[in-house]
Each structure stands twice: as C-alpha cells, then as structure tokens.
1. For a paramagnetic label modelled at 7 Å from the Cα of Asp124 toward its Cβ, which residues of the stretch 68-97 fall within the zone defined by backbone nitrogen distances under 16 Å?
2. Grab the eigenvalues of the alpha-carbon gyration tensor for the stretch 49-90, scale each by 5, take roots, and send me the semi-axes largest first in whole angstrom.
3. Of Trp129, Trp108, Trp138, which is the most mobile in a GNM of the chain whose springs link Cα atoms less than 10 angstrom apart?
4. Suppose we flag GluC sites (Glu not before Pro) only when DSSP calls them loop and at most 12 other Cβ atoms lie within 10 Å. Which is the longest uninterrupted stretch of the chain?
5. Just need the relative contact order of the chain here, percent rounded to a whole number, with Cα pairs under 8 Å and 6+ apart.
6. Quick one: of Lys24/Lys121; Lys24/Lys68; Lys128/Lys162; Lys68/Lys149; Lys24/Lys98, which pairs are farther than 24 Å apart, Cα to Cα?
7. For the stretch 24-165, report the convex hull volume of the alpha-carbon atoms normalised per residue, in Å³, without decimals.
8. Once the Cβ-Cβ distance between Val44 and Asp18 is put in as r, and R0 is 30 Å, what FRET efficiency do you end up with, to the nearest 0.05?
Amino acid sequence: MPKLVLIIRHAEKPAVEDIHLAPKGYQRAGALSALFDSTRNGGVYPAIDALFATARTSESHRPVLTLKPLARELALAIDDRYADDDYAALAAELLGKKYDGKVVLVSWHHGRIPALAAALKATDAPAKWPDDRFDLIWRLDYDGVAAPKFQVLPQLLLYGDKPSG
C-alpha cells in the first residue's frame, strides 16, 4: 500500500483545441514544482517518490506537460504508460508491493479522476471533478489501512485559485 497518493488535474488548457497547456497552465506547472518539492515546501508535502501522468495522445499532452517542471526539479521520470481509461491498471500497480510506503503524484484528465480515486479505494471521493477547476489536489492517505483517508485540498498557487474545493 502506498503511503500517500496525490491526484491533480492537468494544468489549464487553451480555449482552442490544442495538445499543449495554456500560458496559465505553464505557470501552474512551474508553480507545482515549489509546492511538491519537499526541500522547498516547508514540509507541506513529503518527498515524492514517483510521478504518473496520462499517456500522451493526439488530443492532449497536458498531464505530462503539467509534471515536466517538477520531474526535472526532482530528477524523476514521468511514467506515462497508462491511457486515460486505464485508471484501473494504474490503481492496481500503485496498490501493489512496488509502491509500499511510497508517495506518488498523479496528473490525469478530470473526467477519469473520480474513477481513478475509486479504483484506489477512496470511498468518499466526489463522483465528479469540477469542470472549471485546475487548482485542486485529491489527497489519499493510506496510513497502513486499505481504505485511504480522502481530502480535497486547494493548490493556492496562482491568482484566482480558490481556497476550497
């Protein structure tokens, strides 16, 4: 069982269809580096052991692009083997022995995040990620138990971020 799984939606997307992030999305991706880097965040989040993002498609590279600055900062690879609909396989891997006691950050598409959280045994996660929110963190604390303690936390990184979920 992992120690902690943090799930975020990819950063802001452009108003027009594009595989990349919007300028504000690139700002958020950079700011996530400070938030999740345990040497710079004042102990708010423990050191990240693994990064996962939805596999790139012809429609979107946004989940990977969201984690790139943090991956560079932490010298970690981004595992992007799992397609958007493969959340059950990702959950099975994260709940396996390889990630025992580890802290994992996942960047995913918001439409599948509730199913991913459910596959990770979060019984009290919302059934829907808000369509207009790029500034939330879903925190799943396992603390040695099968059903994690679930919290929705604000990122509070950029102007306009809301203080609650």
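The values are calculated or read from the model by the stated rules, or taken from the named source; none is laboratory data. Bear in mind that the values here come from a model prediction, so they are computed numbers and not experimental data. Every residue, glycine among them, receives a Cβ derived from its backbone with ideal geometry; neighbour counts consider all protein chains shown. Each accessible area value is taken on the protein alone, full model and side chains, heavy atoms only, with ligands, DNA and RNA left out. Shrake-Rupley method; radii C 1.70, N 1.55, O 1.52, S 1.80 Å.
1. none
2. 18, 13, 6
3. Most flexible of the set in this elastic network: Trp129.
4. Longest run free of exposed loop sites: 60-165.
5. 30 percent
6. Violating the 24 Å limit, Cα to Cα: Lys24/Lys121; Lys68/Lys149; Lys24/Lys98.
7. Here the figure is 113 Å³ per residue.
8. 0.40
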